[in-house]
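The values are calculated or read from the model by the stated rules, or taken from the named source; none is laboratory data. Predicted model, so just to flag it, every value in this text is computed and none were measured. Here the Cβ positions follow ideal geometry from the backbone for every residue, glycine too, while neighbour counts run over all protein chains shown.
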């Protein structure tokens with residue numbers, strides 16, 4: 001690896017980031033193809049240059065095979081057909097070889113203008129004339145070392161591709177430094193965040209590679225602070241590492257951290273498998289596993305828990321308090337995203353009344369005893385571990401945004417899941433199970449006060465999620481989350497019937513249309 005230039009890559013349209021790799025054998029070339037394949041996004045343009053026989057077609061074939069999940073897929077060279085198109089599970093890839101073209105005037109007949117949304121990989125791009133400013137350039141050359149030919153790959157990202165190429169170079173260096181560079185890697189479907197995941201296998205043992213870029217600060221919203229700062233969202237992987245270690249120390253099944261680059265945001269984790277606490281078609285809660293997940297919260301909330309956690313020598317993470325600003329900025333996602341999605345608008349007067357009502361409703365929440373709130377304690381982030389007993393059978397993920405707050409929040413997250421239907425009778429039974437567990441452990445547990453907190457926080461969370469799912473559609477182009485809106489809306493309407501939330505209920509009935 002050579003040095004990686006660092007710059008304001010995400011905001012500079014003329015940015016360039018580059019690195020050089022020595023590919024010593026076919027296995028190294030195949031691993032580099034996996035690196036590229038896992039990085040690719042729809043619309044990417046790859047320009048492959050280099051000597052005849054340097055391996056341009058070999059590299060593209062390996063990329064296609066990895067994306068197809070089929071190592072024996074037929075990938076003919078487009079030398080004579082000029083263009084081949086592949087409909088792959090994650091994206092469409094168009095492979096073109098322009099060697100036989102005399103110049104740019106022949107390009108129009110190939111149909112390359114009709115490749116919107118596809119990854120385009122072109123060999124001999126010098127025959128194509130002007131290339132897109134946002135692209136990935138790969139130059140492959142052969143060199144002799146001790147009488148053997150070595151393949152050298154020079155990779156450059158230009159424009160919008162620069163940041164991803166720089167990150168890829170950093171990732172390759174991280175894997176080399178930690179001994180995972182020869183591992184077999186497979187991309188895993190990600191969540192709604194900017195994080196991505198790969199399952200990596202080394203010496204027959206499986207691990208998870210988490211790729212979590214540092215969160216860029218957004219525009220200031222209040223007091224000069226961005227949304228992520230106000231909502232106390234993790235800006236890097238340090239909170240994840242701190243919470244993973246702290247949970248494991250207390251007997252919970254968070255993944256073990258084997259290696260981490262805290263600054264770049266790469267972490268190699270224990271692979272807890274892929275068995276969930278839900279099952280069937282459509283997915284539904286498995287009662288025994290939800291019971292175990294409820295018992296886990298009883299155990300966690302009965303502990304004395306610190307708000308300062310070690311990350312590494314001389315590095316600590318302080319868990320922020322789930323304060324009023326965080327609750328309010330989350331609820332305002334309803335005004336900023338869900339209402340416009342439904343064709344409604346929030347005037348300054350409407351917003352002011354909304355904030356006043358929530359401030360009043362949240363008073364008991366802010367006065368409640370504080371514990372660790374994992375914040376995303378629901379079915380996508382809970383794994384079932386058959387080989388472990390008791391609450392250790394519940395594997396924990398996605399806790400990097402943990403805060404110090406009321407115990408009722410995570411129980412509401414579990415029992416009013418935004419993505420699966422939790423039958424009301426199961427919710428009631430599990431709520432009672434939690435209350436009895438807490439009461440048995442501490443006789444002064446106030447069930448009525450807890451029920452009020454549960455309803456309030458369930459309403460706050462559902463309000464936030466309506467806004468988030470609408471934002472994922474309107475801003476991020478992820479309409480698949482809209483199918484969950486009716487479920488979230490039904491949960492919201494039900495918890496707002498709690499007598500303590502009567503004023504909020506009246507506001508929602510008048511102002512918030514159903515999905």
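Quick look at the numbers
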{"quantity": "Close pairs (9 angstrom Cβ cut-off, 6 or more residues apart or separate chains): under 16 Å from residue 436 (Cβ atoms) in the range 278-298, surrounded by fewer than 15 Cβ atoms within 10 Å (Cβ to Cβ) anywhere", "calculated": "292/390; 295/390; 296/390; 296/392; 298/436; 298/440; 298/441"}
{"quantity": "Residue match in the range 355-368 (condition: within 30 Å of residue 272 (Cα to Cα), in a helix (DSSP H, G or I), in contact (Cβ under 8 Å) with a residue 40 or more places away in the chain and in contact with a strand residue (DSSP E or B) (Cβ under 9 Å, 6 or more places away or on another chain))", "calculated": "no"}
{"quantity": "Test for residue 225: is it modelled with pLDDT of 95 or more and either in contact with a strand residue (DSSP E or B) (Cβ under 7 Å, 6 or more places away or on another chain) or more than 22 Å from residue 408 (Cβ to Cβ) (or both)", "calculated": "no"}
{"quantity": "Number of the condition not met by residue 278 [criteria: (1) modelled with pLDDT under 95; (2) in contact with a strand residue (DSSP E or B) (Cβ under 9 Å, 6 or more places away or on another chain)]", "calculated": "(1)"}
{"quantity": "Every residue from the range 378-416 that is farther than 17 Å from residue 234 by Cβ and in a loop (DSSP other than H, G, I, E, B)", "calculated": "378, 385, 386, 387, 388, 389, 406, 407, 416"}
{"quantity": "Boolean, residue 402 is touching a strand residue (DSSP E or B) at 6+ places or on another chain (Cβ under 6 Å), under 30 Å from residue 195 (Cα atoms) and crowded, with 20+ Cβ neighbours inside 10 Å", "calculated": "yes"}
{"quantity": "Qualifying residue in the range 422-442 (condition: assigned to a loop (DSSP other than H, G, I, E, B), assigned by TED's automatic domain parsing to the domain that holds residue 297, under 16 Å from residue 493 (Cα atoms) and within 33 Å of the chain's Cα centre (by Cα))", "calculated": "yes"}
{"quantity": "Single residue of the range 307-342 satisfying the filter (outside any strand (DSSP E or B) and without any contact (Cβ under 8 Å) to a residue 40 or more places away in the chain) that is nearest to residue 468 (Cα to Cα)", "calculated": "328"}
{"quantity": "Residue 166 being touching a strand residue (DSSP E or B) at 6+ places or on another chain (Cβ under 8 Å), touching a residue at least 60 places away in the same chain (Cβ under 8 Å) and more than 30 Å from residue 320 (Cα to Cα)", "calculated": "yes"}
{"quantity": "So residue 417, is it in the same structural domain as residue 334 (by TED's automatic domain parsing), buried (at least 21 other Cβ atoms within 10 Å of the Cβ), touching a residue at least 60 places away in the same chain (Cβ under 8 Å) and in contact with a helix residue (DSSP H, G or I) (Cβ under 8 Å, 6 or more places away or on another chain)", "calculated": "yes"}
{"quantity": "Out of 165, 201, sole residue that is more than 23 Å from residue 312 (Cβ to Cβ), outside any helix (DSSP H, G or I) and modelled with pLDDT of 90 or more", "calculated": "201"}
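The rows are residues; the columns are (1) in contact with a helix residue (DSSP H, G or I) (Cβ under 6 Å, 6 or more places away or on another chain); (2) modelled with pLDDT of 95 or more; (3) in a helix (DSSP H, G or I); (4) in the same structural domain as residue 168 (by TED's automatic domain parsing).
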site: 239; (1), (2), (3), (4): no, yes, yes, no
site: 247; (1), (2), (3), (4): no, yes, yes, no
site: 258; (1), (2), (3), (4): no, yes, no, no
site: 269; (1), (2), (3), (4): no, yes, no, no
site: 282; (1), (2), (3), (4): no, no, no, no
